[in-house]
Amino acid sequence: MFVSFDLSVIPNKNIVLAVTGGIAAYKSAILVRRLKDAGFNVRVVMTEGAQAFITPLTFQALSGNPVHTELLNPEAEAGMGHIELARWADLLLVAPASCDTLAKFAAGLADDLLSTLYLATKSPVWVAPAMNQQMWAAKATQRNLNTLVEDGVHVIMPDAGSQACGDVGLGRMPEPEDLALQVTQYFHRAQRAIAEKFGLLAGKHVVVTAGPTREAIDPVRYISNHSTGKMGFALAAACYAAGAKVTLIAGPVSLDTPNGVRRLNVSSAVQMLDLSMQMLDEGCDIFIATAAVADYRVAEVAEHKIKKAGDELNVSLIKNPDIVATIAGQQKRPFMVGFAAETRNVEEYAAGKLVAKKLDMIACNDVSRADIGFASDENAMIVFFAEQYQLQKRDLEKAPKQEIAQQLVEAIHDALHHEIEPV
Ligand code: C5P
């Protein structure tokens with residue numbers, strides 16, 4: 001059964017950064033930058049106190065989003081109201097968190113935007129208290145912090161050191177780089193826990209094209225190629241084993257459908273493209289094009305069987321659509337994986353196709369090698385990633401296609417999580 005839950009990767013995680021009144025608010029401006037650098041979407045909420053230290057405009061410019069300051073501003077509520085903001089957040093990070101804010105949270109007050117948001121969100125809440133060391137040590141502050149910890153809030157402990165007020169002691173907000181790293185690591189751990197429990201591609205819908213296409217000449221003849229579909233079928237099985245929902249769009253092949261996989265049979269390239277486009281409407285996260293699509297189809301398919309006549313027969317061919325490139329060219333596109341089978345200059349041609357077809361990843365093999373490729377049960381591949389992933393190319397040593405498929409699933413998973421540094 002397909003387990004449906006959100007497993008979006010770090011680039012699509014939403015952070016509501018709440019800035020409260022305190023001199024450390026200036027550090028929050030840099031924190032927004034660091035969070036954006038790590039790929040997060042950031043929306044900033046400011047309390048009235050915060051606005052005495054730094055302007056909303058600064059945060060608007062840095063976050064690229066309007067800043068939320070009021071609870072009952074009809075204009076703001078018409079855009080993203082406090083309840084929507086509460087739902088939007090994958091994490092509510094309060095930095096710096098003032099004594100007053102901690103007290104409000106602990107008491108359950110709801111008299112401004114931030115305190116209301118705190119009560120309304122289901123997301124984890126992190127607070128980074130920053131205050132004078134005496135205020136930090138005050139019994140009421142410590143009591144409130146204990147209450148918050150009991151309520152499930154994560155408290156980022158302040159650093160010790162010299163303070164803006166001239167005191168020395170505990171109460172400094174950690175540096176923005178450190179906070180951003182802690183947040184990134186948190187999402188990475190959460191992601192890894194889900195992957196370990198449900199599989200590397202849990203929650204994803206993967207569409208795989210496989211096999212050859214068949215381009216009719218007349219009702220009894222066609223143009224095709226030697227593709228057996230083994231690699232695509234092995235990948236469909238590996239994606240399903242990794243927790244994905246899998247749709248396999250298969251050209252004519254004589255292979256059994258892998259367990260748990262939805263198989264849709266097609267014959268021609270045009271049919272394969274039509275179904276692939278339908279999958280985009282259904283919602284597709286990863287598109288893997290293993291099909292050996294015929295480059296050309298017959299311009300005019302004869303209605304009746306062509307009769308033998310003369311020594312020559314000319315059939316005019318026209319170009320087929322490039323399925324993978326068409327899908328990659330869509331505005332809302334899945335993660336795109338292509339394949340390249342070459343007989344020479346393998347790496348050079350594959351890297352060229354990666355760019356030309358706007359793919360995220362390409363796996364290529366040398367089909368001139370007799371021991372791997374088309375009909376073989378084994379394969380060896382080199383994987384290239386698009387430039388933005390900053391991942392090294394990978395050599396997948398000769399192995400059964402099932403094993404290669406498993407390694408490709410790992411490569412896809414790694415690329416999807418490229419922004420996160422391993423913890
Ligand atoms: O250009 P070439 O056929 O070598 O590209 C191979 C890659 O492009 C494979 O991933 C293949 O499935 C895909 N492709 C496609 N539609 C085509 C031709 C190739 O999706 N018409």
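See the values below:
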item: Solvent-accessible area per residue, Å², over the chain with all protein chains present [probe radius 1.4 Å]; result: 49 Å²
item: Sparse-neighbour loop sites [trypsin sites (Lys or Arg not before Pro); region 273-310; at most 16 other C-beta within 10 Å; DSSP]; result: Lys305, Lys307, Lys308
item: Rel. contact order, % - alpha carbon contacts under 8 angstrom, at least six apart, the chain; result: 12 percent
item: Spatially proximal lysines relative to Lys139 (Cα-Cα < 24 Å; intrachain offsets below 8 disregarded); result: Lys104
item: Accessible-area composition of the chain, carbon plus sulfur, in percent [1.4 Å probe]; result: 50 percent
item: Förster-model FRET efficiency, 25 Å R0, Gln182 and Asp281, C-beta, rounded to 0.05; result: 0.05
item: Residue pairs, from the table Lys197/Lys332; Lys332/Lys357; Lys197/Lys398; Lys319/Lys357; Lys358/Lys393, whose Cα atoms sit over 21 Å apart; result: Lys197/Lys332; Lys197/Lys398
item: Protection proxy ranking of 402-410, 17-25, 139-147 - average other beta-carbon atoms within 10 Å, highest first; result: 17-25, 402-410, 139-147
item: Contact order normalised by residue count of region 200-416, Cα under 8 Å, 6+ apart, percent; result: 20 percent
item: Gain on full stretching of the segment that runs from Arg221 to Gln390 - 0.36 nm per residue minus C-alpha separation; result: 56.2 nm
item: Additional length obtainable on full extension of the chain from Glu300 to Glu75, 0.36 nm per residue less Cα span; result: 75.0 nm
item: Neighbourhood net charge (14 Å Cβ-Cβ; Lys/Arg +1, Asp/Glu -1) for Leu354; result: -1
item: Residue-averaged [θ]222 nm for the chain, counting only DSSP H segments that reach four residues, each worth -39500 (n - 2.57); result: -11000 deg cm²/dmol
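The values are calculated or read from the model by the stated rules, or taken from the named source; none is laboratory data. Bear in mind the structure is a predicted one, so any value in this text is a computation, not a measurement. A quick note on method: Cβ atoms are made from the backbone with ideal geometry, for glycine too, and the neighbour counts reach across all protein chains shown. Heads up: the accessible areas ignore ligands, DNA and RNA and are worked out on the full protein's heavy atoms, side chains in. Shrake-Rupley method; radii C 1.70, N 1.55, O 1.52, S 1.80 Å.
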